Structures are given as C-alpha cells and as structure tokens.
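Accompanying notes for the structure given below.
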Amino acid sequence: MTRDLSRRGFLAGLGLAAGGLAIGVRGGRAFLIADARAAPGDAALAPNPFVHVAPDGTVTIVCHRSEMGQGVRSTLPALIGEELGADPSRIRVVQAVGDRRYGDQNTDGSTTMRRGHYEELRTAGATARVLLVAAAARRLRVREATLVARDHAVHHAASKRSIGFGALVAAAARLPVPPPGKVTLRPVAELTRLAGDLPLLDAPAHVDGSAVFAADVRLPGMLTAVIARPPVLGGTVATLDDRAARAVPGVRDVLRLPAPSGPPRFQPLGGVAVLADHPWAALRGRAALAITWDHGAHAGWNAAADRAALAAAVAAPGKVVRAVGELDRALAGADRVVRADYHVPYLAHAPMEPPAAVARVDGGRCEVWACTQNPQSGRAEVARALGLDERDVTVHVTLLGGGFGRKSKPDFLAEAALLARAAGAPVRVQWTRDDDLRHGYYHSSCAQHLAAGLDARGKVVGWLHRTAFPSIATTFAPGVTHGGDGELAQGILDLALDVPAVRCEVGAATAHARIGWLRSVHNINHGFAIGSFIDELAAATGRDPRELWLELVGPPRLVTPADAGVASNPNYGESLDRHPVDAGRLRDVIERVTARADWSAARARGRALGLAAHRSFVAYVGVVVSVVHDRSRRGPPVRADEVWITIDAGRVVNRDRVRSQMEGAVIFGLGLALHGEITARDGQIEQASFRDYPLLRLPEAPRAIHVEIVDSDRPPAGVGEPGVPPVAPALCNAVFALTGTRVRALPLARASLPAAPMAMPAPT
Amino acid sequence: MTISLHVNGQAHDLDADPDMPLLWALRDLLGLTGTRYGCGEAHCGACTVHLDGRAVRACVTPLGRAAGRRVLTIEGLSPDGRHPLQAAWVELAVPQCGFCQAGQIMCAAALLAANPRPSDAEIDRSLAGNLCRCGTYTRIRAAVKKAAGTGGGP
C-alpha cells in the first residue's frame, strides 16, 4: 500500500469494490474515502474506524484492532452496525493490515473503547446512516426527519415506503459529508442489540478448529524455523558446530541472526536458526546444534541478589514522587507505626499460542502474517531490520492465541523477515514454549515498603509507600534508573487516599532482562501491596477491612493532582476532565462487591473473605475472594472457591465480553498470585515449561465467579486489564482470614501456610 | 518409512519418521491445523486428539504409535460443528482467544463418551491437563454440563 489515500488504493487493499459508500473517521471528523484524496497526506488526519456499504447492501466493517480474546471482532461491527441500522447478518468483518491511516492500532492498554474511540466508531456508523437517509429523502421527496434507518433499509412510515441500503449507496456517496458536530448519534436506547449479549463472531471457528492463528498460515515453499537464542540477554554466539543439525532429515539450512545493538527495544535477540521442511525437523535440528555462547554483561544476574537489591532500594528513602502534609512528623507523632514489605516476582505472559510469524520477502518487499497486537510497530520493526521503507512492508494480523502484552513486541516478526530474506523462501518462525518463557519481555519484579502511622483511635494519620522495580523504559533507552510517571501513575500517584500526610517514593533498580508490559502492568505490583497493607492495618487495629478501605479512600470526591500531592497524573493518556480520579466510584465498587458477597454476614458465619479494590486504566474494580482449605492437590493448601468482582468501566458496549474479561482477569490474577514466578540464575531464566511456570488449572478455578457491571453513562474506560490488580491482594487477604498467615511475597505457592484450620477470630 | 494413518475416517499414507509427534503430522503434513501447538510436552492439552476414542496429547504421541489406529481431530468431531459440546460452547460463548478450545472440547468429548453424566469433580479431573490462559474455566465447566444435560448455564 502507498500513502496515497485514493479510493481505489485504499479499498482494493481491503478487497472492496469501488462504487460503494466508504466512510472513515479521524479526530471526530468523518470522511468519504473518495474525498480523502483531497485531505492532506498527513497520516494523523487519515480515517480510523471504517465502514463500507456496497451496492449489493453488504456492509463491511474494518477491524483495525487485533482479536486476542477480548471480542473486538464481535464488538466493533455491533457498535458501528447499530448506529448504522444494519442487519447483523449482512455485516462482514475485514481485519486491517498495519497502516498508520487507521490511527492507533496498538491493541494494548485497554484502549479500544476509550481515548475517544467509542465516539469515533459510532460516528463512522452514524455518518453512513445520515448520508443514506439524506439520499433516501431526495429519492422519496420527503424530509429527512420523517425517515428511519433500521434493518438495513431507510423507511418512510407515513407512506409505508422503504429503500434498502444498497440501492442508496451510489447517491449517498455523492452527498457532502456533514461537518463534525452535525452527525447526530442515536440515543443509546435505540442501540437495542447492545442491551443484550452479542453473539461471538469467531466462536464457530474456534469450536470446529477452523480459526486461523499465525502458525496456521501456509505459503508455497515455506520453511519452518526454530531459533536457539542467547540464553543471557546481550549474549552472542562464540562458536557454532551445525554439522549434526544439518544432517537431520528435513533440515534445509542453518542461519545466524544478527546480534542486536543498544537497548533491546523490539530487535530480534540474535542466535542461530534452523530452517526445515516442518517443525519436527527444525526442533530436532536445533537440539543438535553445538553452540558456545559469550554471555555478556548480564551473566551475573541471580534471583536472590536481584530480590535483595530491590528490597534494599525500598529500605532507604527514594525519589519523592508524591507528598502531602508532613509525613515524618506524622509518623513520629503517631500512636503506633505499622510497617510491611512486599515482593512481587518477575512474571511471563505465557499466552497459549507462543509467538509465531510467517514472512515472505520478494523483490524489495516484505509481507508478514503474525499474531501481533500492534501491526504498525511490527511493520516498522520489519522495515528497520530489512532496511526497507515501511511502504514496502505489509503486516497481516491473524487471530491471536492470547496476547497479554507479549505480542505487542514485534521481535518475532523481524526474525521471520530476516530469515525469509536470507533463505530466499517464505519462513515461519515458531517459538517453542521454552522460548516463550526464557526469552520474554518480563513483567517487572517489584519491592515495596509501606508504613502507616495510626493515632490512638486507629485512624491512619500518615502513609509512606516506597516502590522499586526495573522500569519498562530500560528496554528502550540506556541509563534508565527509576520508574517513570506513567509507571508510577499505575496505582501510586492516582490512589485516592484520605490521609493528612502522604509520601510516595521510587527507588533505583537495574534491568538484566527485557522488561515489558504485561496485562495490568505495574498495577499488579502496586495493587497487591496497597490492597494487602490496608488489610494489615485493619487486622492491626481490629477493624473490619471494608470499613477501613472506605475510610482510607475517603468521602466521594474528585482527587486532583494537587490534592494527591503529585506534579501530574498521566492518567493512561486520558484527560482528568473526562476521566477524573473519582473516590466516589472506588467507594461504590467496594460497597457493591461487598454487598454482593454478603460480606458482613458471611464473615460472621466464619467464611474467610478477602477484599481489595483498585483503579486502573480509568476503570474501578472491587473484588471479594472466598477461600477454603483444600489439600486435594499438590501446591498451596487453600483454594479460592468463590469470587465476586464488580467493575465500573463507564458505558460498556459488549456486556458479555466485559463479563468474560472479568472472569478471565480473576483466573489470571489467581494464577499469578498462586504460581507466577520467573527467576534467573547466572543471567538465564530458569523456567522453561508449564511444569516450572504453572498457570491456573481447571480444578483450581473458583466454583463461581460473580461479575457485576455497574450501569453507567460515563465515558467508556478500560476493561481488559482493570480486573486483574485487586485479585491477588483479595486472595491473600482471604488467606489471612482463613489461616492467620500474611502472605507478603508472591507467589503464594512459596508461602508456608498452616495445614490445619485455625479458629476464626470473632468478627468485629 | 510409510505410515498408514486413519484420520477423521480417511486413510492417509505418510512418508515420515515414526518418531515424529502426531501433532506435526496432523498440522504440517495433513493440514489439520485445528490441533494446536502450545507446549510440546503434554503440559497444556491444546493438541488433544482421540486415539481409538481416548484423549491423547498429539505432541507426545509418536506417529508410529498412531499407525493403523483411529485418529479423531477437532475437524472430525462432527460433520457440521454441531456436536453437543460445540453447540454448548457457542451458546455459552466460552471462547476468548480460542486457542486452547479445540483441545478442551476434544478432551471433554472423550470424557462424555466414556461418562455421559460426569460430576463436577470428574469434569475438573478430566480437564485438569488442559490449560486456558484467558481463564474460560467456569464457562468450560458450564458448557460440559450443558452438553451432558446436567446443567444450565454459568
């Protein structure tokens, strides 16, 4: 594709015929794609959501976001189609290639329905509707206000006349597009299909096996590559003997990949690739490689020392990032000070589908098929690796077998492209499970120290929170020593806290692996420490944790950066006007989720419940976990048997997919809390399979997960990530209620818990 | 050497190493990509198929062991995608990313064939080897029960 916005180029690239009505929206402004030729060649002004109505009435909706289980391919067509008044059976969905003209395609940060995209998506459908109605009004010689668009036609009730969408597109495409603000969105009550559960577009393909993931793409003459990557970040091949590998039947070639330079970024890690007719030969060939490695600068990285260094970083004052009142005086004058240290280990994404990409290089052009969350960064990285212009790189997005942030890093796309060029044949790069676990972009390990000063009545008068973790920025730039504002705003700068003296600090930390974002990112760490500490304070003062949560969050109010004592709050890229820090909404999810769990009565009956709540990605989530003793399996002698989760994400579009994201977030959160731990020895990641990096399994899943979605007209917030952070602290708080053991270091599987039930303390 | 495979009712003669795992033969020699690679070590269950009606992990089943036996993959579970488990899966909108789901269904199908009305504990035990990173477990349980006629919904 070229930068030319010509109708033919854009539509042909999507397999669409000319002659239809094609609408794109960018920055609140709708375009006829035919008109876009007149728009400046600036990608920032190019259309983003995109809808096309063909002369035969077929409505095509371009899904410019990656489908990784969140249901975007079901949600976008329903939202746009409802605004349009389309018959769902006549909508088809086309997956977009990576192209800046779609705006932001990075399916990450729980952004698809926020940052104004919700309004843009509706505007795309509404603009097409307005033009079809205008065309019908001219044809029928009636006023537009007397017409209704629904069921794929424009209807004039008084004369009982209707014209199908297809018959109107030619005329509609010649009409001027209404300017911004002149396209009226339907009242939400008219979007009737959104009130129920939307069908899941790809479900039939998932249950009959026909769904196409990256490793399912086949090109003629394609070879399969598996790669032996340097075991230590920054390592290089010292010696290579590939004779045995080349002797494996089916192996076609053994190729060295270039060593990366500078910060890791999205570069391939280097190493040695074995290319073969099929994966079995490639795997056997890789096993037969004799490689010695120069391990480089990170070979001294070891888990125990790393953990000790992080702990030391929060044992002393750090860089102050939030300050209200006079904390030192508050702690000195307190009746008592409660202190606690928390540890969260490195974590891996471990999507069920390991990374895979297929590439073909042909005459200075490269085409890639990949399970990528971000086809634009994939396109850029492939272009960089091959020394091509981005215009000569096309990235097709397959279905993703899970992403969780791993697949927004396009190193594996560049590997496939480099090998395809070197081999002179299409190449599929298949990551194995051990590759995935040993060569990831890891979730930051984090040490935290919290201290609270309590007055004689048990009220918190001072709050100290120190955190230290290797920053994600270390992956992209040299010399980064501290977490940045965008990372600290994940639970620290933005915590609603009604305490007169607050100080938050960040300590220094060094990275020895590629550090990346994983579903919910630093909120996992910060939510765990804060959620656990509040429960500790309740226990220390003999109070109901729920009551203390509400007291610390404080009265309903909007917390400005000045109130919070911070210079600014990046707020996940949202304005604080549209998405303020709203203590009332955090209180509300705490009150709702505890009511649903029958918190007080159930605790009085002796049920071991734990509570936590957290704001992230501008959504608010409260979680209650109930745990029971369970010694039926190896591992921790406790099990989460029932979970309640309440989310306030503003207006939601696809309720069932919000529900499924909350169910998934609970499982993801329980899994990381119980089992998740990546460790290093001599610079090498020690985990290489699901045996040593266990995920939650079915028998460990709660009997029931009760999801509540708060009805709201507020702007849409994130959904994919916000459910995760409160789960681990709620679980550990419930474990404390059950066993009296406080788990301050994850994973829980490492904690020694008493085997026998202890007597429940009397409820207070 | 030539290995005779019977997959989804069809006979195939494959010229392949008998040590090659059935997974790669299905995916890369026969083009049956519904059987997924998730770990290659029988830890995740994404590659579950039936061998003479019993659920096995194709990633650790040598082709030689499958020779001459009946192999059933997700593509052959039903002619029209309407096996009771497939129907229940769609009705309850079980899949998220979908990658593990074929393996889950194949494992559940073997369970129901042997035990048409499994208890919750039996479902948990039978599917304990099938990982789902998206966390569809509560819906998986509900769908198995729905297909078995022992439960309604989540």
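The values are calculated or read from the model by the stated rules, or taken from the named source; none is laboratory data. It should be emphasised that the depicted structure is a prediction, and the values quoted were computed from it without experimental measurement. Neighbour counts are summed over all protein chains in view; Cβ atoms, including those assigned to glycine, are modelled from backbone coordinates with ideal geometry.
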### Message
With touching a residue at least 24 places away in the same chain (Cβ under 8 Å), surrounded by 16 or more Cβ atoms within 10 Å (Cβ to Cβ) and touching a Pro at 6+ places or on another chain (Cβ under 9 Å) as the only criterion, which of A:ARG585, A:ARG592 stands out?
### Response
A:ARG585
### Query
Identify, please: which residue in region B:126-154 is without any contact (Cβ under 8 Å) to a residue 12 or more places away in the chain and more than 7 Å from every other protein chain (Cβ to nearest Cβ) and is, among those, surrounded by the fewest Cβ atoms within 10 Å (Cβ to Cβ)?
B:GLY152
### Message
Need the failing condition index for A:PRO249 against (1) touching a residue at least 40 places away in the same chain (Cβ under 8 Å); (2) within 10 Å of chain B (Cβ to nearest Cβ); (3) closer than 17 Å to A:ALA282 by Cβ, just the number.
### Response
(1)
### Subset of region A:714-731 [in a loop (DSSP other than H, G, I, E, B) and within 12 Å of chain B (Cβ to nearest Cβ)]
A:GLY720, A:GLY723, A:VAL724
### Message
Suppose we keep only residues that are at the interface with another protein chain (Cβ under 10 Å from one of its Cβ atoms) and of a type outside the set (A, V, I, L, M, F, W, C) within region A:682-691. Which one would you say is nearest to B:GLY40 (Cα to Cα)?
### Response
A:SER689
### Query
Quick check, is A:VAL368 assigned to a strand (DSSP E or B) and in the same structural domain as A:LEU418 (by TED's automatic domain parsing)?
yes
### Scope region A:595-620; condition among the aromatic types (Phe, Trp, Tyr) and either in a strand (DSSP E or B) or buried (at least 22 other Cβ atoms within 10 Å of the Cβ) (or both); matching residues
A:PHE617, A:TYR620
### Test result for A:ARG379, crowded, with 20+ Cβ neighbours inside 10 Å, in contact (Cβ under 8 Å) with a residue 12 or more places away in the chain and assigned to a helix (DSSP H, G or I)
yes
### Task
Could you please let me know if B:ALA42 is within 26 Å of A:SER66 (Cβ to Cβ), more than 8 Å from chain A (Cβ to nearest Cβ) and small (Gly, Ala, Ser)?
no
### Query
Counting only residues that are in contact with a Cys (Cβ under 6 Å, 6 or more places away or on another chain) and within 14 Å of chain B (Cβ to nearest Cβ), which one in region A:389-406 is nearest to A:HIS522 (Cα to Cα)?
A:GLY402
### Single condition A:LEU269 does not satisfy, out of (1) in contact with a Lys or Arg (Cβ under 7 Å, 6 or more places away or on another chain); (2) within 24 Å of B:LEU23 (Cβ to Cβ); (3) more than 14 Å from every other protein chain (Cβ to nearest Cβ)
(2)
### Task
Go through (1) more than 14 Å from every other protein chain (Cβ to nearest Cβ); (2) surrounded by 13 or more Cβ atoms within 10 Å (Cβ to Cβ); (3) in contact with a strand residue (DSSP E or B) (Cβ under 8 Å, 6 or more places away or on another chain) one by one and return the number of the condition A:ALA167 breaks.
(3)
### Message
What's the number of the only condition in (1) away from chain B (no Cβ under 14 Å); (2) out of contact with any helix residue (DSSP H, G or I) (no Cβ under 7 Å at 6 or more places or on another chain) that A:LEU386 fails to meet?
### Response
(2)
### Task
Evaluate region A:705-720: report whether one residue or more is closer than 19 Å to A:VAL593 by Cα, at pLDDT 95 or above and hydroxyl-bearing (Ser, Thr, Tyr).
yes
### Options A:ALA529, A:ALA513, A:ALA496, A:ALA509; residue that is assigned to a helix (DSSP H, G or I) and touching a Gly at 6+ places or on another chain (Cβ under 9 Å)
A:ALA529
### Task
Within region A:192-216, work out how many residues are facing chain B (nearest Cβ under 7 Å), assigned to a helix (DSSP H, G or I) and surrounded by fewer than 20 Cβ atoms within 10 Å (Cβ to Cβ).
1
### Task
Test A:ASP455 against the criterion of being charged (D, E, K, R) and either in contact with a Ser or Thr (Cβ under 9 Å, 6 or more places away or on another chain) or closer than 30 Å to A:ILE534 by Cβ (or both), and give yes or no.
yes
### Task
List every residue pair whose Cβ atoms lie under 7 Å apart, where the two residues are 6 or more positions apart in sequence or sit on different chains, the first residue falls within region B:65-78 and is over 18 Å from A:VAL212 (Cβ atoms) and more than 14 Å from every other protein chain (Cβ to nearest Cβ), and the second residue, located anywhere, is assigned to a strand (DSSP E or B) and among the polar types (S, T, N, Q).
B:ALA67/B:SER4; B:GLY68/B:SER4
### Message
Tell me the residue from B:LEU111, B:LEU92 that is touching a Lys or Arg at 6+ places or on another chain (Cβ under 7 Å) and more than 9 Å from chain A (Cβ to nearest Cβ), please.
### Response
B:LEU92
### Query
Is it the case that region A:645-652 has a residue that's within 12 Å of chain B (Cβ to nearest Cβ), touching a residue at least 60 places away in the same chain (Cβ under 8 Å) and part of a helix (DSSP H, G or I)?
no
### Task
Hey, can you tell me all the residues within region A:704-713 that are facing chain B (nearest Cβ under 8 Å) and surrounded by fewer than 22 Cβ atoms within 10 Å (Cβ to Cβ)?
A:ALA704
### Task
Keeping to region A:382-398, report how many residues are surrounded by fewer than 24 Cβ atoms within 10 Å (Cβ to Cβ), in contact (Cβ under 8 Å) with a residue 60 or more places away in the chain and part of a helix (DSSP H, G or I).
1
### Task
Give the residue that is surrounded by the fewest Cβ atoms within 10 Å (Cβ to Cβ), with candidates limited to residues of region A:272-291 that are away from chain B (no Cβ under 12 Å) and in a strand (DSSP E or B).
A:ALA290
